[in-house]
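Working notes, beginning with the structure itself.
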Amino acid sequence: MASATNQKANKNGKDKRKDDRYELRLSGSGGHGVILAAVMLAQAIGSDQKMNVVQTQSYGPEARGGASRADVVTSSGDIYYPKTMKLDMLLAFTQEACDKYYSDLKPGGLLIVDSNMVTKVPTKVSYGFPFLRTAREQVGHVMVANVVALGAISALTDVATKEALAEVVKQRAPKGTEEKNLKALEIGFNMAIKAKRDQ
């Protein structure tokens with residue numbers, strides 16, 4: 001079963017750019033929270049009134065152990081086709097997800113992986129971060145690994161600001177876990193900024 005959310009923005013009469021469509025996929029296995037992360041990412045992108053965003057997600061057998069995914073498409077113009085065609089960015093929490101979805105990444109696209117889980121990276125042009133380990137060791141809960149990854153995505157792309165993501169995280173985090181989730185976002189952002197600087 002697939003579900004989709006589409007947020008439309010008022011362009012206020014401004015010219016629509018047709019070349020800024022950006023497609024992202026967050027992938028992993030059940031328990032990695034990729035669907036929630038994609039929903040939060042789409043909501044943060046949609047907080048910019050100049051941007052349109054569509055988020056699609058899949059449920060079924062894949063979500064219970066195999067490779068699972070959630071996609072986000074964003075553009076300042078109308079999004080006539082809500083599905084991804086060729087990814088600009090792929091986040092893979094597991095080797096299986098990386099193996100399964102890497103071919104959907106366009107040439108020169110951005111690959112981000114969990115460096116402990118994905119040991120056979122199919123390209124030299126990628127970023128690897130220990131998302132799950134960082135969440136467990138620095139935040140105290142592996143369940144916030146998806147938010148650590150959102151921080152990294154914010155730092156490595158310009159699709160959503162850290163501030164917009166922080167607002168969404170505060171709204172969507174389970175009651176009592178807001179500070180842990182905001183800490184996870186900050187850690188992921190700083191980790192990626194450092195990696196960009198060191199490249």
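Would you be able to tell me the number of residues in segment 39-55 that are of a type in the set (A, V, I, L, M) and over 12 Å from Arg172 (Cβ atoms)?
First, the residues of segment 39-55 that are of a type in the set (A, V, I, L, M): 39-42, 44-45, 51, 53-54.
Cutting the leftovers down to over 12 Å from Arg172 (Cβ atoms) gives us 45, 51, 53-54.
Within segment 39-55, residues that are of a type in the set (A, V, I, L, M) and over 12 Å from Arg172 (Cβ atoms) number 4.
Looking at Ala63, is it at pLDDT 95 or above, surrounded by 14 or more Cβ atoms within 10 Å (Cβ to Cβ) and either at negative phi or in a strand (DSSP E or B) (or both)? First the steps, then the outcome.
On the way: at pLDDT 95 or above: no; surrounded by 14 or more Cβ atoms within 10 Å (Cβ to Cβ): yes; either at negative phi or in a strand (DSSP E or B) (or both): yes.
So Ala63 does not fit the description; no.
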Original post:
Out of (1) more than 20 Å from Val148 (Cβ to Cβ); (2) at pLDDT 95 or above; (3) surrounded by fewer than 18 Cβ atoms within 10 Å (Cβ to Cβ), the odd one out for Asn116 is which?
Top reply: (1)
**OP:** Would you list the helices (runs of 4 or more DSSP H) that sit entirely within segment 112-180 and hold 1 or more residues that are closer than 18 Å to Val53 by Cβ?
**Re:** 145-156, 162-172
Original post:
Restricted to segment 1-39, and to residues that are loosely packed, with under 11 Cβ neighbours inside 10 Å and of a type in the set (Asp, Glu), which residue is modelled with the lowest pLDDT?
Top reply: Asp15
Subject >> Among residues of segment 72-91, those that are in contact with a Leu (Cβ under 7 Å, 6 or more places away or on another chain) and buried (at least 20 other Cβ atoms within 10 Å of the Cβ), counted >> reply: 5
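The values are calculated or read from the model by the stated rules, or taken from the named source; none is laboratory data. This one's a predicted model, so the numbers in the text were calculated from it and none came from an experiment. Cβ: placed from backbone, ideal geometry, glycine included. Neighbour counts: every protein chain shown.
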